[in-house]
Every structure is written in C-alpha cells, then in structure tokens.
Amino acid sequence: MSMENKQIAQGALVVLAVGQLITYGVLSGQPNIGMMAVAAVPLVAAALLQTRRRWVAVTAVLVAVASVIGSGIGALSFDLVRPGSVGPFAVAVVQLLAAGVAIAFLRPFSVRAGLAAGVVVSAVAGLGIALALGQTDDTGRLTADQLAKVPTVTMVNYRFEPAQLKVQSGQPVAFRFVNTSGDDHDFVIDQLGVNVSVPSGRTRVAVVDVPAGTYALHCSMSDHRESGMVGRLTVDGQHHHG
C-alpha cells in the first residue's frame, strides 16, 4: 500500500470512528457509552496501517468496518430510508462511504480509482442494508387530520409510556413511537406478527392491522422484556357514534 493510499484509508477510518461517536453520543436518545466505545476499533485499525505486515493491516480494517457497520446496522438501515431526517441520513451515508473507501484502498488503486471503488462498495452495501432491513413509515393510509392525532408511545429505558393502549376498531390503528433511551427498541405483538423497530433517538409512525381483541406486547431486544418492557393493546370492537 502506497503512503498516499495508506493516509486516505486512515482518514476514512477516523471518519468512521467520528460517525460512530455522533450516532451514539449525539443522535441517540441518551449517550450509549458501550456503542461509543466501538469507535476505538477503527482508530486502532488506523494505527495498525503503519505496520509492514499487510495481513495485519487488512485484518484490522475489515474488523473495524465490520464492528462499526455491524453494531449500528439497525440505525443505519432506519436512517438510510429516511432522507427527510437530514442529520441522521447524512451521518449514515458518510459512514458507509468511509467504510467503502477504507476497504477499497486495501488494494493498490490509484487515488481516483480507489475513491470510485469506495463509492461503489458503499452504494451496494447501503442499498443492500436498506432493502434488507429498512422499515419505512407506513402513513399512506392516514389523512393529515388522522396523522396529527396519532397517539405517542414513548420508549424510555425499559418501559413503554403508556404501557396500556386502547383504540377503537374501524379506524387506523396507528402510533407514533419515540425512543428517548440510549438503546434500540422494538414494539412486538407475537400473535399478529407485528414488529416495529425504533433505533435510539429516532421517531417512527407505524400503522398496524389489528382486529378487535386484547394483545400482549413487548420489546424483543436483548433482555428488555424480562426487564419489564411489556404492555397491552386493547382494540375495542364496539363502534361508538357521537
């Protein structure tokens, strides 16, 4: 690897580290120290690029990219399909570009070819992540008036607020989920196959098809359910006319 390529790869790794710090220190509902600590991996990899042993450099870069992209894949997929959220979208794009450039410059490319290859790698990876994991807001069935009245469910620490939800049947069952905690959460109703993911610091509106009845709900992330992140949704089958 030439000195110029090495410097570009090191710069990309530093950008990757900064992106991780911004994602989990600024954009998240609360700073997530554990996820922020992952930023150390690309910084160590950047230092290891000074070694003359190519296999060490290659391994370090691949581990760094896998650590950052792998640990943040939920937030990345969420942000990549929401360009309207300018800050998170921009950080996600920059992180993918940095990852692609770092990988591309492991080969003896010219600067121009290396940058082009990095963009291609990033674009393919970003598209794959967005298509495989991205969950867009499903608000097409809501009128502007209905959207304005969508009830808010806050995901904070290990609980839903409110945890007891009640809606009338015969109308769209929709909620605005606001994750103010430092962890990713989801809203799961096993009986109906409902799973709505909301990364830390993000807001999402979801419309769910729920027939009349009472349903247990929970967060399936890690041990969140066992920690008390559960609730109940009641869909009243009686139509009320006023």
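How tilted is helix 111-133 with respect to the longest principal axis of the chain? Cα atoms for both, answer in degrees (0 to 90, nearest 10). Here the helix axis deviates by roughly 20 degrees.
Working out 0.36 nm times the residue gap between Ala37 and Asn157, then minus their Cα-Cα distance, what length gain in nm do you get to one decimal?
41.2 nm
For the stretch 19-80, the list of trypsin sites (Lys or Arg not before Pro) that fall in a loop by DSSP and count at most 13 other C-beta atoms within 10 angstrom reads Arg52, Arg53. Residue order for Lys149, Lys6, fewest other beta carbons within 10 angstrom first, comes to Lys149, Lys6. The orientation-averaged shadow of the Cα convex hull for the chain, equal to a quarter of the hull surface, comes to 14.4 nm².
As an exercise, use a Förster radius of 30 Å and the Cβ-Cβ distance of Arg141 and Ala66 to find the FRET efficiency, rounded to the nearest 0.05. Approximately 0.20, to the nearest 0.05. Note on Val86 and Ala212: their simple-model spin labels are 4.8 nm apart, each label 7 Å out from Cα toward Cβ. The angle separating the long axis of helix 54-71 from the principal Cα axis of greatest extent in the chain is about 10 degrees.
Each of Leu21 and Val205 was given a label point 7 Å from its Cα along the Cα-to-Cβ line. The distance between the two points is 3.6 nm.
In the chain, the DSSP-assigned H stretches of four residues or longer account for a calculated mean residue ellipticity at 222 nm of -14500 deg cm²/dmol, using -39500 (n - 2.57) per stretch and the full residue count as denominator. Of the residues Asn195, Gln171, Ile33, the one whose Cα sits farthest toward the positive end of the charge dipole of the chain, with +1 on the Cβ of Lys and Arg and -1 on the Cβ of Asp and Glu, is Ile33. Remark on Met221: its backbone amide H falls under 5 Å from those of Asp186, a criterion applied only to residues 5 or more positions apart or on other chains, H modelled at 1.01 Å from N.
Between the listed residues Pro151, Leu217, Ile8, the Cα displaced farthest toward the positive end of the dipole of the chain, a dipole computed from Cβ unit charges relative to the Cα centre, is found at Ile8.
Read the figures in this text as sums done on the coordinates, not as results from a lab. Here the structure is a predicted model, which means the values were calculated and not measured. Glycine gets a Cβ as well: all are built from the backbone with ideal geometry, and neighbour counts include every protein chain shown.
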